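> One structure follows; several queries about it will come next.
The values are calculated or read from the model by the stated rules, or taken from the named source; none is laboratory data. Computed from a prediction, not measured in an experiment: that's the story for all the values here. Note: ideal-geometry Cβ built from the backbone for every residue, glycine included; neighbour counts use all protein chains shown.
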Amino acid sequence: MAWVVLIAAGLMEAVWATALGQCEGLSKPLPVIVFVVALALSMTGLGFALRTLPTATAYAVWVGVGAAATVVYAMATGAESASVIKIALLCGLVGCVIGLKLVTSE
């Protein structure tokens, strides 16, 4: 269960990071609300996962999932250009997250 919550928390990291980028200095109410809610959910999920997973592993997975999802969303919406090398590196990042899951016991 901790791994599922950790992955969801990582996805929420991507949501709050994207919303923060759209806040324009915290001047737009809707992105600010999305940012605050997603940030709270992300941190709560990370905190829950840390109850049973090692801190270093959980943090690395949380950051990796969040970073990968943020870049994939940016490429999908045209905010960032996509390239074969970027996609290969993202696959490597996701592979590392999967590897951490495989070598970590709860």
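> Could you tell me whether the stretch 81-94 includes any residue that is under 12 Å from I7 (Cβ atoms) and at pLDDT 95 or above?
Taking the stretch 81-94 and keeping what is under 12 Å from I7 (Cβ atoms), we get 94.
Within this subset, residues satisfying the condition of being at pLDDT 95 or above are none.
Taking every residue of the stretch 81-94 in turn, none turns out to be under 12 Å from I7 (Cβ atoms) and at pLDDT 95 or above.
> Can you pull out the residues in the stretch 9-40 that are of a type in the set (D, E, K, R) and under 13 Å from the mean Cα position of the chain (by Cα)? Write out each step before concluding.
Taking the stretch 9-40 and keeping what is of a type in the set (D, E, K, R), we get 13, 24, 28.
Passing the criteria: only E13.
> Separate question: Restricting to the stretch 23-40, give me the number of residues that are surrounded by 14 or more Cβ atoms within 10 Å (Cβ to Cβ) and in contact with a helix residue (DSSP H, G or I) (Cβ under 6 Å, 6 or more places away or on another chain).
Counting residues in the stretch 23-40 that are surrounded by 14 or more Cβ atoms within 10 Å (Cβ to Cβ) and in contact with a helix residue (DSSP H, G or I) (Cβ under 6 Å, 6 or more places away or on another chain) gives 6.
> Now a separate question. Can you confirm whether the stretch 44-55 contains a residue that is hydroxyl-bearing (S, T, Y), more than 21 Å from V72 (Cα to Cα) and without any contact (Cβ under 8 Å) to a residue 24 or more places away in the chain?
Yes; the residues of the stretch 44-55 include at least one that is hydroxyl-bearing (S, T, Y), more than 21 Å from V72 (Cα to Cα) and without any contact (Cβ under 8 Å) to a residue 24 or more places away in the chain.
> Scan the stretch 2-19 and tell me whether some residue there is in contact with a helix residue (DSSP H, G or I) (Cβ under 8 Å, 6 or more places away or on another chain) and in contact (Cβ under 8 Å) with a residue 60 or more places away in the chain.
The first filter runs over the stretch 2-19 and keeps only residues in contact with a helix residue (DSSP H, G or I) (Cβ under 8 Å, 6 or more places away or on another chain), leaving 2-3, 5-19.
After this cut, where a residue has to be in contact (Cβ under 8 Å) with a residue 60 or more places away in the chain as well, the list is 2-3.
Yes: one or more hits.
> Just give me the residues in the stretch 41-70 being surrounded by fewer than 18 Cβ atoms within 10 Å (Cβ to Cβ), over 10 Å from the mean Cα position of the chain (by Cα) and either of a type in the set (F, W, Y) or under 14 Å from L11 (Cβ atoms) (or both), in sequence order.
Matches in the stretch 41-70: L41, M43, T44, F48, Y59.
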